[in-house]
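Single-structure report; data block below.
The values are calculated or read from the model by the stated rules, or taken from the named source; none is laboratory data. This one's a predicted model, so the numbers in the text were calculated from it and none came from an experiment. Here the Cβ is made from the backbone with ideal geometry for all residues, glycine too, and neighbour counts use every protein chain on show. All accessible areas refer to the heavy atoms of the entire protein, side chains included, with ligands and DNA or RNA removed. Shrake-Rupley method; radii C 1.70, N 1.55, O 1.52, S 1.80 Å.
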Amino acid sequence: MEQTTELQMKREESLLNLICFIAAAGFIAFIVYNFFGAGSFISTDGLFFTVVPLVLALSFLTVPAMDIISRRRGTRVIEAGNVQPQLGAGRGTPALGSGAAQFVSAPALKDAKGRAMPPDVNRMVAEMNKQKTEGSKQ
């Protein structure tokens, strides 16, 4: 079930990126048409019909750009292995178990887009899993 949800989200995301690229390409095509079709390019109308579609094209390109940037940052964090120690909720206690280990890292979880989850979410999931295992042993 999770795979179909992830596949559906990836399809929706790729469709959104495609729509944004098409809209940006349309605005850039309008700028090129205005550049070659306008009688005098350096005029108030010419500058207006250049700057406004350029701003709109750039705003449509920010959606795919932010997606690409977040993917790159996520892979850099995962490749670097920057796993932060998971502490109990501000008490200075380890999130998992007790005893000699002062800091224990919870397994790195990923969201639907494949990005690393924040440390506090990892800690909460680890505590819930610990409670489930303790409850099933009784």
* Yes/no for T5 being loosely packed, with under 13 Cβ neighbours inside 10 Å, modelled with pLDDT of 75 or more and either closer than 22 Å to P118 by Cα or polar (S, T, N, Q) (or both) -> yes
* Asked: Is it the case that segment 31-52 has a residue that's of a type in the set (A, V, I, L, M, F, W, C), within 30 Å of A116 (Cβ to Cβ) and either loosely packed, with under 14 Cβ neighbours inside 10 Å or in contact with a Ser or Thr (Cβ under 7 Å, 6 or more places away or on another chain) (or both)?
  -> no
* Asked: Does V55 fit the bill of being among the β-branched types (V, I, T), part of a helix (DSSP H, G or I) and open to solvent by 80 Å² or more (accessible area, probe 1.4 Å)?
  -> yes
* Structure fact -> Note on M117: of the conditions (1) among the hydrophobic types (A, V, I, L, M, F, W, C); (2) open to solvent by 70 Å² or more (accessible area, probe 1.4 Å); (3) at pLDDT below 85, unmet is (2)
* Residues within segment 58-75 that are in contact (Cβ under 8 Å) with a residue 24 or more places away in the chain and open to solvent by less than 70 Å² (accessible area, probe 1.4 Å), tallied -> 6
* Structure fact -> Here the qualifying pairs (Cβ atoms under 6 Å; residues six or more apart or on different chains; first in segment 25-36 and over 11 Å from F49 (Cβ atoms); second in a helix (DSSP H, G or I) and at pLDDT 90 or above) come out as I28/A57
